[in-house]
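Where a number appears in this text, it was derived from the coordinates with a stated rule and is not lab data. The structure presented is a predicted model; accordingly, all values stated were derived computationally and were not measured. Please note: Cβ atoms are built from the backbone with ideal geometry, for glycine as well, and neighbour counts cover all protein chains shown.
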Amino acid sequence: MKTVQLPSGERVAAFGLGTWYVGDSARTRAEEIATLRLGLDRGATLIDTAEMYGDGRAEELIGDAIAGRRDEAFIVSKVYPHNASRALAAKACERSLRRLKTDRIDLYLLHWRGNVPLDETIAAFEALRAAGKIRHYGVSNLDLADMQALWRVPGAQTVATNQLLYNLTRRGIEWSLQPWLRERHIPVMAYSPLEQGRLLRNPQLSDFARRHGMTPAQAALAWLLAREDIIVIPKSIHRERLKENLGAVAFTLTLDQLAELDSLFPPPARAQALEML
Ligand code: NDP
């Protein structure tokens with residue numbers, strides 16, 4: 001499995017497993033658990049979740065899926081902005097740990113910026129890290145100005161990632177946010193890398209993928225994986241689709257293929273506000 005280096009020096013799988021809407025239905029539960037376990041088997045050991053997903057049901061299902069295999073997984077979870085205060089973050093983290101049936105979260109993210117001052121959130125994360133409840137912390141959906149504000153908080157320079165909406169049709173971060181993160185060796189965790197499935201119905205991507213002997217999902221993911229500091233976290237609750245998506249790791253796009261994708265899905269020509277889903 002390809003890996004990406006976090007600022008701490010630790011390496012994590014470049015291909016992880018998204019879990020938004022996972023755990024919502026008893027009917028799909030067995031396949032969801034089987035898919036997560038297949039991911040672990042194949043080296044997709046990073047699992048992304050949040051207290052928000054299904055009001056904790058995604059975390060609960062992950063806890064069941066990794067039973068007996070906790071040490072193989074790198075678990076990322078996210079705290080709601082309204083819980084990201086010193087008093088509430090500790091409680092939110094305890095609830096997540098209980099649902100995940102583990103004693104630590106590998107990477108704990110602020111889901112998006114809310115009203116709690118960033119320095120208070122960082123103090124809460126530092127306390128959780130000192131207590132061994134979380135191993136690393138980071139952020140999600142923070143635009144450049146937010147990152148610059150975060151950077152002024154003492155200690156915050158250890159943030160492990162900024163999880164952002166990033167795919168062929170959402171390239172806005174390339175203008176200034178991604179270069180800023182890259183200068184500081186902070187990897188981007190690209191969420192909704194398949195644009196929640198919509199990208200797979202894009203005729204131009206389908207045509208590109210067919211001509212180059214891959215599926216649209218593989219082309220979309222291979223484009224992201226072509227960069228050294230991008231972690232992708234596509235979500236699928238089907239083992240066959242996970243296998244297909246994992247196939248992207250084996251494709252190294254050529255400079256010609258990357259140039260073709262640039263012409264089909266152009267990079268930003270001006271600054272734009274950060275998009276989120
Ligand atoms: P994705 O871009 O990963 O797309 C997921 C959708 O694509 C699902 O409907 C899935 O269906 C379908 N799909 C996946 N693979 C295939 C395939 N090979 N063929 C056909 N359909 C496929 O969207 P997400 O929004 O789920 O993003 C990924 C993860 O990122 C989330 O699950 C979550 O963990 C995280 N996220 C974080 C956010 C944040 O604010 N920080 C916001 C949004 C997402 P099926 O499952 O039925 O296979």
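List of remarks:
- Modelled label reach - THR3, point 7 Å along Cα→Cβ, the stretch 105-132 residues with backbone N closer than 18 Å: 106-107
- Net +/- balance of residues flanking GLU260 in space, Cβ distance below 14 Å, scoring K and R +1, D and E -1: -1
- Residues in the stretch 160-181 that a label on GLN148 would reach, taking backbone N under 16 Å of a point 7 Å out along Cα→Cβ: 175-181
- Taking other residues whose beta carbon is less than 14 angstrom from the beta carbon of TYR53, and scoring Lys, Arg as +1 and Asp, Glu as -1, yields -2.
- Each of ILE122, GLY23, THR252 was placed along the dipole of the chain (beta-carbon charges, centred on the mean Cα), and the one lying farthest toward the positive end is GLY23.
- Counting other Cβ atoms within 10 Å as a rough exposure proxy, the listed residues PHE208, PHE15 run PHE208, PHE15 from fewest neighbours to most.
- Pairs of alpha carbons in the chain whose separation is greater than 31 Å (percent): 23
- Cα→Cβ-extended label distance, 7 Å offset, between ALA90 and SER176, nm: 3.9
- 222 nm mean residue ellipticity, helices alone, for the chain (DSSP H n ≥ 4; -39,500 (n - 2.57); rounded to 500): -11000 deg cm²/dmol
- Global geometry of the stretch 62-199, whether rounded, prolate or oblate, following the gyration tensor of its Cα atoms and the 1.5 cut on a/c: oblate
- Among the listed pairs LYS133/LYS243; LYS91/LYS243; LYS78/LYS101, those beyond 27 Å (Cα-Cα): LYS133/LYS243; LYS91/LYS243
- Overall form of the stretch 190-270 per C-alpha gyration tensor (a/c, 1.5; a/b vs b/c): rounded
- Net length available on complete extension from ASP55 to ALA130 is 24.3 nm, with 0.36 nm assigned per residue and the Cα-Cα distance removed.
- Paramagnetic reach from ARG11 in the stretch 233-253 [backbone N under 17 Å; point 7 Å along Cα→Cβ]: 249-250
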